[in-house]
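First up is the structure itself, then whatever we jot down about it.
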Amino acid sequence: MSERTSYAVDRQGVALLRLERPEARNAIDTQMLVELLAHLAAAAADDGARVLVVSSSDQMGLSAGADVKERLDEDGKVRRMQLFADLYDAIVALPKPTVAACHGDVVGGGAEIAIACDMRVGGANLRMRFPGAALGVPVGPARLVTLCGLAAAKYLLLSSRTVGADEALRLGLVNCVAPAATTEEAALELAAAVAAHPPEAVARLKRMLHGWDDVEGRSRVEGVGQVEWARTGPGLPQPD
């Protein structure tokens, strides 16, 4: 099977991890999850990678979320949900700063990847949605409350509404907004500015921030719950 992701590190120490499945709106299937986790492990182990940018090759969307067209048996559904939980935890716990390029559709699992990152650049065409309430998936609070506070997290998670770039900026979901076509470029510029700082100092500050907030611990607990939901509940929708 062809690869669904790509990964490269430039001379400034900026690692670019791209979702490369535009024909499926970058829907995330089991293969993509395995690839993403492998790239994250590579970034964590590579001293030359100072900052990680998560983006996609399609400016119309970072990701439409889990691939509900993927046919899986019961064990496969649980394994996929475990991989999602592992992915969110791996992004949150990456010892290096992370930036998400949030252009176009950033939905479900794609939105969770974005908010697991340390910083986010929103594209002017951003459409971000957390459909957990609509789908019954118990995911989102651990990272979203840290990012934008309890009131905004309730508003986003319980309504499952789609928010655009201006509202996302107001709510604190993104740090800045760029033209849709240059979202990745803006994310790379932000990453390069961070990569120019001493990596030990940056890593220490990230550890301090996460230690005071315990977002890593809460993310792990949430992941256990979402996997149990996949094991004992209805799970994500399946193709007919």
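The values are calculated or read from the model by the stated rules, or taken from the named source; none is laboratory data. Since we're looking at a predicted model, the values are computed, not measured. All Cβ positions, even for glycine, are placed from backbone atoms using ideal geometry, and neighbour counts span all protein chains on display. SASA here: full protein model, heavy atoms, side chains in, ligands and nucleic acids out. Shrake-Rupley method; radii C 1.70, N 1.55, O 1.52, S 1.80 Å.
Is it the case that VAL227 is over 21 Å from CYS148 (Cβ atoms) and more than 18 Å from the chain's Cα centre (by Cα)?
no
With respect to GLY211, is the statement that it is surrounded by fewer than 13 Cβ atoms within 10 Å (Cβ to Cβ), free of Cβ contacts under 8 Å to residues at least 60 places away in the same chain and assigned to a helix (DSSP H, G or I) true?
Yes.
Looking for something of a type in the set (A, V, I, L, M, F, W, C), open to solvent by 50 Å² or more (accessible area, probe 1.4 Å), more than 19 Å from ALA85 (Cα to Cα) and free of Cβ contacts under 8 Å to residues at least 40 places away in the same chain - is there at least one such residue anywhere in segment 190-201?
yes
Check GLY172, GLY164 and return the single one that is open to solvent by less than 60 Å² (accessible area, probe 1.4 Å), in contact with a helix residue (DSSP H, G or I) (Cβ under 7 Å, 6 or more places away or on another chain) and free of Cβ contacts under 8 Å to residues at least 60 places away in the same chain.
GLY172
Spot the failing condition for ALA111; the list is (1) under 10 Å from the mean Cα position of the chain (by Cα); (2) open to solvent by 10 Å² or more (accessible area, probe 1.4 Å), and only one is missed.
(2)
Does segment 81-112 hold any residues that are without any contact (Cβ under 8 Å) to a residue 60 or more places away in the chain and not acidic (Asp, Glu), and which are they?
LEU83, LEU87, ALA90, ILE91, LEU94, THR98, VAL106, VAL107, GLY108, ALA111
Looking at GLN238, GLN226 in this structure, which one is on the phi < 0 side of the Ramachandran plot, touching a residue at least 24 places away in the same chain (Cβ under 8 Å) and open to solvent by 50 Å² or more (accessible area, probe 1.4 Å)?
Of the residues listed, the single one that is on the phi < 0 side of the Ramachandran plot, touching a residue at least 24 places away in the same chain (Cβ under 8 Å) and open to solvent by 50 Å² or more (accessible area, probe 1.4 Å) is GLN238.
It is to be established whether one or more residues within segment 62-70 are of a type in the set (Ser, Thr, Tyr) and open to solvent by 10 Å² or more (accessible area, probe 1.4 Å).
Among the residues of segment 62-70, not one is of a type in the set (Ser, Thr, Tyr) and open to solvent by 10 Å² or more (accessible area, probe 1.4 Å), which makes the answer no.
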